[in-house]
1. Taking a ≥ b ≥ c as the square roots of the Cα gyration tensor eigenvalues, with a/c under 1.5 meaning rounded and otherwise prolate when a/b beats b/c, else oblate, which class fits the stretch 1-48?
2. What pairs in Lys77/Lys252; Lys151/Lys382; Lys46/Lys370; Lys68/Lys382; Lys284/Lys370 have C-alpha atoms more than 25 Å from each other?
3. Output the Kirkwood hydrodynamic radius of the stretch 2-151, Cα pairs only, in Å rounded to one decimal.
4. Per residue of the chain, what 222 nm ellipticity follows from adding -39500 (n - 2.57) for every DSSP H run with n ≥ 4, rounded to the nearest 500?
5. Take the chain, connect every pair of alpha-carbon atoms lying under 10 Å apart with a spring to form a Gaussian network, then pick out the residue of Gln63, Gln294, Gln143 with the largest mean-square fluctuation.
6. Tally the DSSP beta bridges in the stretch 241-379 and give the antiparallel ones as a percent, rounded to 5.
7. Please sort through the DSSP H helices of the chain and keep those with an alpha-carbon extent of at least 15 Å along the long axis and a Kyte-Doolittle average not below 0.0.
8. What accessible area, in Å² to the nearest ten, does a 1.4 Å probe give for Lys46?
Amino acid sequence: MLPDSRGYFGEYGGKFVPETLMPALSELESAYAEAVADRRFQQEFKRLCRDYIGRPTPLYHAQKLSEKTGGATILLKREDLAHTGAHKINNALGQGLLARCMGKTRIIAETGAGQHGVAAATVCAMLGIECIVYMGTEDIRRQASNVYRMKLMGAEVRPVTSGSRTLKDAINEAIRDWVSNVGNTHYLLGSVVGPHPYPMIVRDFQSIIGRETREQVMADYRRLPDYLVACVGGGSNSIGLFHPFFDDENVKFVGVEAGGTGIASGHHSATLVTGRTGVLHGTKSYLMEDEHGQIMETRSIAPGLDYPGVGPEHSFYKDIGRASYVTVDDAQALEGFRLLCETEGIIPALESAHAIYHAAKIAAELDREKLIIVNLSGRGDKDLDIVNDALGISI
Ligand SMILES: *Cc1c(COP(=O)(O)O)cnc(C)c1O
């Protein structure tokens, strides 16, 4: 069972952090091991997943979408119906409970699009823990409604003005804060990235997606799916769906990265498809850097996919051939967005629209008996301004 005891998935992962953070990572690792073995912790997580998040989320047969492609049967795992509108809350809840177990009185988080910041602020309000969210000023400008939501729930949003003033810079600031306040502070990291044990902990909390999916597809179809398709930013919604099916060799995993304005344009976030290995934010993984070792600027129409790194477990899946990774560009994602709105009456997050587009494409080439499950990682309300600018649909 990976990662190994040093936090490696094959050659990826590990803990590349300043010496001052090593005790905090060890404390987190042992608190997590205790929580895994503690029936009361597990019961409380389960109860709040049900009563607060609204789990299990449905596995929905998208009949009209399937008919439109003329091929395979497409099922949607409805993470868009989880509280706050995306899968991020699963991990935020788990880590919030863990912070409380460790006696931490202060939680810090980073956010790009604001979805993880909102999930962290939500859980902190519910648990009564102080919450500080680092966010680049460029993202604050693009995602104003999420900033407002965080503030309503009592979180402090700290603007980050360094670098490109986006997610990568917000993570740097959060790590800096953690170094100076490790005693009373938990860093609630939002995806399967960062130093060990984060990629493991976030994966485990998000694996509720894949475990439910397995039960639901067995109950409804008496068989496992042929394909699992999910978008990949840092990689948490995809790993959460994939991981519980790791040993089922006939279930193919497809991760969809953001192709931005096209791979040739250089403006994209296709880390696994185009990147090379290196160290970013405490972990060894694929990442996007130029020939001088500088982290590259990334771009995507979906703010949640706009990150130059990716989880180490995905890097491992890529190298051993367990998953394949593809890109869908901005224009195609918008097509996926409209397709789901018009065929199913569901407005997807732009991130999830990347997965929808690719699933529809492969469905068209397959027989009707084949089953494709797409992780609908979030709802699209947050993206209506971006879509309006891009498609120019006026009301
Ligand atoms: C944040 C986000 C993503 C990307 O993050 P992962 O860690 O790759 O899952 C995808 N979809 C939605 C709706 C998001 O909010």
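1. Because a/c hits 1.5 or more and a/b fails to exceed b/c, the stretch 1-48 counts as oblate.
2. Flagged as over cut-off: Lys46/Lys370; Lys68/Lys382; Lys284/Lys370.
3. Across the stretch 2-151, the inverse of the average 1/r is 17.9 Å.
4. Helix-only estimate at 222 nm: -13000 deg cm²/dmol.
5. Among Gln63, Gln294, Gln143, the largest mean-square fluctuation in the Gaussian network model of the chain belongs to Gln294.
6. Within the stretch 241-379, antiparallel bridges account for around 60 percent of the total.
7. Helices passing the filter in the chain: 22-37, 88-101, 115-127, 350-363.
8. Spelled out: Lys46, probe radius 1.4 Å, area about 150 Å².
The values are calculated or read from the model by the stated rules, or taken from the named source; none is laboratory data. Note that this is a predicted model, so its numbers are computed, not measured. These accessible areas exclude ligands, DNA and RNA; they are computed on the full protein's heavy atoms, side chains included. Shrake-Rupley method; radii C 1.70, N 1.55, O 1.52, S 1.80 Å.
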